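Structure, as structure tokens:
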Amino acid sequence: MTQALLVIVFLMVGVSGTAVVLTRDPRRQAVMLSIYGLILTTFFLILQAPDVAFSELTIGATVLPLMLLVAVVKAERYRR
Amino acid sequence: MNHPVRFAAFVTFGAGILALFCWAVFGLDRFGEYTGAYGIFFNSMTVPLRHATNVSTAINFDFRGFDTIGEEYILFSSVCGTTMLLRSMEIEEEAGGETPDSAVRQVSEPTDAIRLAGLALAALLVMFGTYVILHGHLTPGGGFQGGVIVGSSALVAYLTTGYTAFAKISPIELMEVGEALGAGAFVAIGMSGLILGGSFLYNFLPLGTTSQFASAGTITLINDFVGLEVASGFAIVFHEFIVQTLRRSR
């Protein structure tokens, strides 16, 4: 049971990580990064590291994509 | 460098890194079979030595507290750097006759339902984040994680109600004081340990009863100050970024 769960989450981390790299539009990439952060949070939780899961959820899944979005918006307006 | 050359360089060095990576991974312990000495030591000795049930927090703020001061000041200096850079941009833009574009930008006003839900969510986030900070020595979480949760509550207020509510929830002057106080208190507690116990970050406070709220000595105190520092730091960064997006650039 746990073994199967681990394999599934390992694969999901791999797939979503690749998806982040393959997404080319920065805005979509920020959202994809957030989804990747959420999957990584689940991954850490299953590996019984709730502390790390907490940090990943707050920084990786919320703050980092938001910062990226703000920076992208700013850069796009600067270019115009 | 043109495209084919760049691609060839990528393939060559990428293959090298992949080979080294695989070599390293196969040299690790088998999955789930940890053999290191420190993990076993800390897992069995943290509760008797420090009366803290969250081993990660005890390691962060006591056993390896000196490392955490480094991490704390990485955050501190990045907050300072971001603020300095963005504020100097602000001054340049003002000199260039730029105006905040909150009036210019085509953003529809949030509805009352969204405002209410957003403020309720922000209040819940503050409460939950404070809980995570204050119970850092007992349950998963701690100053860093809880601090980010508290800091992001201000962002929720901004996204759902706009800048005014955001500025009210996180007054920038108070946040600056909180940031400095949190960062300074960590070193001050460490120095107190040096004076009272003979070594930097010595746990000089009574350890109390394990699993009680007031226990684990200086771990709890440092954890709470780190929570203050991180919450203020993130609120400051959000503030500077939001002020930036509200301004029209050239």
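The values are calculated or read from the model by the stated rules, or taken from the named source; none is laboratory data. These numbers were taken from a predicted model, which means no experiment stands behind them. For neighbour counting, all protein chains shown are included, and Cβ atoms are generated from backbone atoms with ideal geometry for every residue, glycine included. Keep in mind that these areas ignore ligands, DNA and RNA; they rest on the heavy atoms of the full protein, side chains included. Shrake-Rupley method; radii C 1.70, N 1.55, O 1.52, S 1.80 Å.
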Exercise. Would you mind finding the one in B:Ala235, B:Ala214 that is in a loop (DSSP other than H, G, I, E, B) and either small (Gly, Ala, Ser) or modelled with pLDDT of 85 or more (or both)?
Key: B:Ala214
Quiz item: Can you tell me which residues in the stretch B:22-79 are open to solvent by 70 Å² or more (accessible area, probe 1.4 Å), of a type in the set (Phe, Trp, Tyr) and free of Cβ contacts under 8 Å to residues at least 60 places away in the same chain?
Solution: B:Trp23, B:Phe26, B:Phe31, B:Tyr34, B:Tyr38, B:Phe41
Practice problem: Please indicate, with yes or no, whether at least one residue in the stretch B:210-230 is within 16 Å of B:Tyr131 (Cα to Cα) and within 11 Å of chain A (Cβ to nearest Cβ). | Solution: yes
Self-check item: Positions within the stretch B:204-216 being over 14 Å from B:Gly193 (Cα atoms) and open to solvent by 50 Å² or more (accessible area, probe 1.4 Å), in sequence order
Solution: B:Thr209, B:Ser211, B:Gln212, B:Phe213, B:Ala214
Practice problem: Please tell me if B:Phe241 is buried (at least 18 other Cβ atoms within 10 Å of the Cβ), within 14 Å of chain A (Cβ to nearest Cβ) and on the phi < 0 side of the Ramachandran plot. | Solution: yes
Quiz prompt | Tally of residues being in a loop (DSSP other than H, G, I, E, B) and either within 20 Å of B:Ile59 (Cα to Cα) or basic (Lys, Arg) (or both) across the stretch B:168-205 | solution = 8
Practice problem: Among the numbered conditions (1) farther than 28 Å from B:Ile189 by Cα; (2) touching a His at 6+ places or on another chain (Cβ under 8 Å), tell me where B:Asn54 comes up short. | Solution: (1)
Quiz prompt | Hey, A:Tyr78 of a type in the set (Ser, Thr, Tyr), open to solvent by 50 Å² or more (accessible area, probe 1.4 Å) and in contact (Cβ under 8 Å) with a residue 24 or more places away in the chain or not | solution = no
Exercise. Could you grab the pairs with beta carbons closer than 6 Å, sequence gap of 6+ or different chains, first residue in the stretch B:129-155 and at the interface with chain A (Cβ under 7 Å from one of its Cβ atoms), second one acidic (Asp, Glu)?
Key: B:Pro140/A:Asp51
Self-check item: the stretch A:58-70, residues that are open to solvent by 30 Å² or more (accessible area, probe 1.4 Å) and either more than 8 Å from every other protein chain (Cβ to nearest Cβ) or touching a residue at least 60 places away in the same chain (Cβ under 8 Å) (or both)
Solution: A:Leu64, A:Leu68, A:Leu69
Quiz prompt | Matching entry among B:Ala113, B:Ala165, B:Ala154, B:Ala120 (being of a type in the set (Gly, Ala, Ser), open to solvent by 60 Å² or more (accessible area, probe 1.4 Å), part of a helix (DSSP H, G or I) and closer than 28 Å to B:Leu246 by Cα) | solution = B:Ala113
Quiz item: Got a number for residues in the stretch A:22-57 being farther than 28 Å from B:Gly32 by Cα and either within 12 Å of chain B (Cβ to nearest Cβ) or open to solvent by 40 Å² or more (accessible area, probe 1.4 Å) (or both)?
Solution: 9
Exercise. Could you tell me whether B:Ile219 is open to solvent by 10 Å² or more (accessible area, probe 1.4 Å) and modelled with pLDDT of 80 or more?
Key: no
Quiz prompt | Single residue of the stretch B:168-191 satisfying the filter (of a type outside the set (A, V, I, L, M, F, W, C) and in contact (Cβ under 8 Å) with a residue 24 or more places away in the chain) that is most open to solvent (accessible area, probe 1.4 Å) | solution = B:Glu176
Exercise. Kindly provide the set of residues from the stretch B:1-59 that are assigned to a loop (DSSP other than H, G, I, E, B) and under 28 Å from the mean Cα position of the chain (by Cα), ordered by number.
Key: B:His51, B:Ala52, B:Thr53, B:Asn54
